[in-house]
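Here the structure comes first, spelled out in structure tokens, and everything after it is commentary.
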Amino acid sequence: MTGTMTNFFNAMLPQNHNGHNHNNRLAVPTQGVKVNKAPSISSQYLATTSLHGQVAVVTGSSRSTGAAIARCLGEHGANVVVNFVTDSLAADEVVQSIRSQGKGGAIAVKADASTVEGGRYLLDEALKTFGKVDILVLNSGIMGSKTLGDVDEAFFDTQFAINVKAPLFLAKAVAPLLPSHGGRIIFFSSTLTTSSAVSPNALCYLATKGAIEQISRVLAKDLGTRGITVNTVSPGPIDTPQFREGKPQNIIDSIARQSPSKRLGEPEDVAPLVAFLASPAAQWINGQIIRLDGGAVV
Ligand SMILES: NC(=O)c1ccc[n+]([C@@H]2O[C@H](COP(=O)([O-])OP(=O)(O)OC[C@H]3O[C@@H](n4cnc5c(N)ncnc54)[C@H](OP(=O)(O)O)[C@@H]3O)[C@@H](O)[C@H]2O)c1
């Protein structure tokens with residue numbers, strides 16, 4: 001076994017006589033080792049889906065799925081950082097709609113969430129305005145489309161830089177800022193990672209989403225030691241510009257017919273799940289990849 005593989009497996013071994021294993025962050029409780037009790041929080045608090053007073057950063061939230069998520073978090077009382085790159089008018093509209101509900105606050109921040117620096121800037125702006133970050137929703141992503149014959153290194157690198165590297169480093173940057181017992185990270189994948197209806201040009205897109213699912217599983221164990229949950233929301237087709245790009249209407253219609261209700265998902269179908277996962281009521285949901293596609297894949 002290679003040294004690196006050995007380190008992975010050592011992390012799962014029972015702890016030594018000092019109560020530590022080789023990698024404390026992935027410690028598995030064993031006989032004789034103290035097991036934690038749930039934090040003493042009232043059951044009323046745990047039942048709540050209110051996000052009152054919490055601060056949420058949602059990447060790519062001026063339009064489409066991200067905008068619906070930002071509005072929904074605002075409706076639940078969160079202060080939301082609405083992130084955009086090009087469409088400042090759309091971002092301002094989302095901010096206004098959150099403020100007009102009178103529950104949570106909102107600001108718009110122009111930052112390229114597909115870069116490590118852009119992600120850091122986004123967090124800095126959140127801290128400057130709201131003083132903390134409780135929830136990070138890593139919604140922004142691209143859906144590149146090339147078959148094995150057409151894929152080149154530049155395309156591969158761009159897909160992985162935007163869909164994997166940027167969210168991973170944004171999660172790394174936010175981790176020390178998140179509160180213990182209550183911090184939330186929510187990644188985005190796609191139901192195509194588990195569907196057999198996979199088209200050849202989904203090669204790199206699905207490779208990036210597969211990577212995200214594995215990153216989220218590992219971080220759930222790692223950050224879970226601090227009571228932070230890390231989950232992945234995995235939607236089926238959602239009617240957004242990213243979904244429609246390059247698809248003829250007859251293909252879109254045939255995809256819509258795959259769900260029992262014969263329609264595509266809408267951003268508003270996805271947002272309530274994100275709000276729930278972000279809430280205190282979801283404290284015991286950790287490391288999960290949750291599909292939502294109206295029953296298209298069962
Ligand atoms: N749509 C689907 O069928 C589907 C299915 C499964 C999974 N997903 C996943 O769900 C997530 C959302 O998808 P979507 O279809 O809603 O996406 P979308 O329509 O492409 O989202 C557009 C939003 O993302 C923002 N954005 C784009 N690049 C950005 C960047 N570099 N930094 C910050 N913001 C950026 C845009 O900002 P501007 O307005 O400034 O351009 C806009 O607010 C993605 O991770 C996607 O892979 C989508």
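What to note about this one:
- Here the label points at VAL218 and TRP284, each 7 Å from Cα along the C-beta direction, are separated by 2.9 nm in the simple model.
- Listed residue pairs exceeding 26 Å between alpha carbons, taken from LYS132/LYS221; LYS34/LYS172; LYS221/LYS262; LYS103/LYS128; LYS37/LYS165: LYS34/LYS172; LYS221/LYS262; LYS37/LYS165
- Cα gyration tensor category, rounded, prolate or oblate, for the chain with a/c compared to 1.5: oblate
- Relative to the current alpha-carbon distance between VAL198 and THR129, full extension at 0.36 nm per residue lengthens the span by 20.5 nm.
- In angstrom, the C-alpha Rg and Dmax of the stretch 35-192 are 16.9, 57.
- Multiplying the residue separation of VAL151 and ILE252 by 0.36 nm and removing their Cα-Cα distance gives an extension gain of 34.0 nm.
- Cα pair distances in the stretch 194-263, grouped into 5 Å bins until the bin that holds the longest one, percent each: 3, 12, 18, 21, 15, 12, 9, 7, 3, 1
- A Cα-only calculation for the stretch 159-281 places Rg and Dmax at 16.1, 49 Å.
- In this simple spin-label model, placing a label point 7 Å from the Cα along the Cα-to-Cβ direction at both HIS181 and GLU266 gives a separation of 4.0 nm.
Just so you know, all these numbers are worked out from the coordinates, no wet-lab data involved. Everything numeric in this text was worked out from a predicted model, so none of it was measured. Reconstructed Cβ throughout: ideal geometry from the backbone, glycine too, with neighbour counts over all protein chains shown.
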